[in-house]
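Participant: A single structure is presented below for examination.
The values are calculated or read from the model by the stated rules, or taken from the named source; none is laboratory data. Computed from a predicted structure; not experimentally measured. Note that we place each Cβ from the backbone using ideal geometry, even for glycine, and neighbour counts take in every protein chain shown. Heads up: the accessible areas ignore ligands, DNA and RNA and are worked out on the full protein's heavy atoms, side chains in. Shrake-Rupley method; radii C 1.70, N 1.55, O 1.52, S 1.80 Å.
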Amino acid sequence: MTRLRSRLRIGVFDSGIGGLTVLKRLVETLPEGVSFHYFADTARVPYGSKPVETLRRYVREIFDLFAHLNVDAIVTACNTSDSILTQSDKAELGVPYFSIIDPTVRRIGESAPGNSTVAIIATENTVKKSLYLRKLFRYESFSKIVQKACPLFVPLIEEGIWEGEIVDSIVKYYLNDFAEIEPDFMILGCTHYPFIKNSIERFLPSKTKVVDPSEYIVRDVADWATILSPEPSTVDYYVSGNTRIFQDILKRYLGRFENVKGVDLNVTGINVRGRV
């Protein structure tokens with residue numbers, strides 16, 4: 001249930017810049033009455049190949065930061081984090097938690113025609129957890145579901161390399177396995193991947209629908225939100241790595257940057273530099 005106050009405070013987090021693909025849709029969908037707080041853990045990216053217990057500690061620290069910021073809801077813009085959290089983890093937050101995996105599975109599962117084939121590309125941890133695969137198998141619409149880890153994508157995207165020969169060659173390397181399958185759907189199981197969506201689409205059959213899960217999680221947030229203020233929505237960014245590089249990415253991707261704060265990572269958790 002939404003807390004009734006003049007402006008909603010929504011926390012959004014990712015291992016790095018990938019979650020900006022979710023944040024952009026959120027701001028476009030909720031342009032008024034929301035204070036977004038985006039945490040980018042760029043000092044510890046990528047999450048996809050790290051030990052699960054290490055990631056659980058990172059995510060707990062992020063949740064503690066959001067509790068300090070007094071958010072009304074938490075949106076995970078990180079498929080890897082979403083895949084390792086239990087229902088108990090989410091229930092203990094005290095505020096609504098929005099999964100990126102669940103609404104994607106639900107909407108594809110309910111709308112896909114019979115005998116559909118689905119391919120999932122994601123980080124190593126997301127593939128190991130197989131949450132997309134296991135949840136999709138509950139639906140009778142699918143005759144085949146395959147998944148593949150693409151560990152080079154996130155470092156490439158974090159470096160700001162989103163197009164060109166290097167991207168195309170790495171995308172081709174990973175997608176070659178899907179040439180014979182010709183899937184009806186390709187799920188981008190990491191929020192970084194939409195940055196290279198154009199290249200991904202070039203190496204897929206024309207029949208394949210590329211699915212960006214950010215579309216579905218944003219719908220769930222919009223259905224939940226009660227907007228009471230006509231004031232324009234704002235975004236505060238909290239960055240664990242190099243803030244200047246992050247600002248450059250914001251300017252390139254969103255056309256602007258504002259309210260970027262550095263944070264320190266230490267034994268006490270995540271500490272924001274300066275006042276919050």
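Participant: Return yes or no: is T76 modelled with pLDDT of 95 or more, touching a Gly at 6+ places or on another chain (Cβ under 7 Å) and not aliphatic (A, V, I, L, M)?
Facilitator: no
Participant: Name the single residue that is farthest from N79 (Cα to Cα) among those in region 225-259 being surrounded by fewer than 16 Cβ atoms within 10 Å (Cβ to Cβ) and among the acidic types (D, E).
Facilitator: Among them, the one singled out is E231.
Participant: Keeping to region 149-179, report how many residues are modelled with pLDDT of 95 or more, farther than 24 Å from Y253 by Cβ and surrounded by 15 or more Cβ atoms within 10 Å (Cβ to Cβ).
Facilitator: Of the residues in that region, 1 qualify.
Participant: OK, next. Is it the case that G11 is touching a residue at least 12 places away in the same chain (Cβ under 8 Å) and in a strand (DSSP E or B)?
Facilitator: So G11 passes the test.
Participant: Suppose we filter region 192-224 for residues that are under 14 Å from I121 (Cβ atoms), of a type in the set (V, I, T) and either in contact with a strand residue (DSSP E or B) (Cβ under 6 Å, 6 or more places away or on another chain) or surrounded by fewer than 18 Cβ atoms within 10 Å (Cβ to Cβ) (or both); how many remain?
Facilitator: Looking only at that region, the number is 3.
Participant: Cβ-Cβ under 9 Å, sequence separation 6+ or interchain: first residue in region 88-113 and within 12 Å of K135 (Cβ to Cβ) and free of Cβ contacts under 8 Å to residues at least 60 places away in the same chain, partner charged (D, E, K, R) and open to solvent by less than 10 Å² (accessible area, probe 1.4 Å). Which pairs?
Facilitator: Going by the 9 Å Cβ cut-off, the qualifying pairs are D102/D82.
Participant: Under 6 Å between Cβ atoms, which residue pairs at least 6 apart in sequence (or on different chains) link something in region 169-185 that is over 21 Å from A112 (Cβ atoms) and of a type in the set (A, V, I, L, M) with a partner that is at pLDDT 95 or above and open to solvent by less than 20 Å² (accessible area, probe 1.4 Å)?
Facilitator: From residues that are over 21 Å from A112 (Cβ atoms) and of a type in the set (A, V, I, L, M), the pairs are V171/S199; V171/I200.
Participant: Give the number of residues within region 13-55 that are closer than 23 Å to T226 by Cα, of a type in the set (A, V, I, L, M) and more than 11 Å from the chain's Cα centre (by Cα).
Facilitator: 4
Participant: M186 versus (1) crowded, with 20+ Cβ neighbours inside 10 Å; (2) within 30 Å of N242 (Cα to Cα); (3) not β-branched (V, I, T): which is the lone unmet condition?
Facilitator: Of everything listed in (1) crowded, with 20+ Cβ neighbours inside 10 Å; (2) within 30 Å of N242 (Cα to Cα); (3) not β-branched (V, I, T), M186 misses just condition (2).
Participant: Out of (1) buried (at least 22 other Cβ atoms within 10 Å of the Cβ); (2) within 27 Å of R56 (Cβ to Cβ), what's the single condition that is false for V118?
Facilitator: (2)
Participant: Additional query: Check off (1) at pLDDT 95 or above; (2) surrounded by fewer than 18 Cβ atoms within 10 Å (Cβ to Cβ); (3) assigned to a loop (DSSP other than H, G, I, E, B) for R57 and give me the number that stays unchecked.
Facilitator: The failed condition is (3).
Participant: Which count do you get for residues in region 107-126 that are part of a helix (DSSP H, G or I) and more than 18 Å from V210 (Cβ to Cβ)?
Facilitator: Selection size over region 107-126: 3.
Participant: Can you name the condition, by its number, that A43 falls short on among (1) out of contact with any His (no Cβ under 7 Å at 6 or more places or on another chain); (2) of a type in the set (A, V, I, L, M); (3) crowded, with 16+ Cβ neighbours inside 10 Å; (4) assigned to a loop (DSSP other than H, G, I, E, B)?
Facilitator: Exception for A43: condition (3).
Participant: Mind listing whichever residues of region 24-40 are surrounded by fewer than 24 Cβ atoms within 10 Å (Cβ to Cβ) and in a helix (DSSP H, G or I)?
Facilitator: Once the filter is applied, which keeps residues that are surrounded by fewer than 24 Cβ atoms within 10 Å (Cβ to Cβ) and in a helix (DSSP H, G or I), region 24-40 yields K24, R25, V27, E28, T29.
Participant: Right, next: Would you pick out the residues in region 50-78 that are touching a residue at least 60 places away in the same chain (Cβ under 8 Å) and polar (S, T, N, Q)?
Facilitator: N70, T76 - these are the residues of region 50-78 that are touching a residue at least 60 places away in the same chain (Cβ under 8 Å) and polar (S, T, N, Q).
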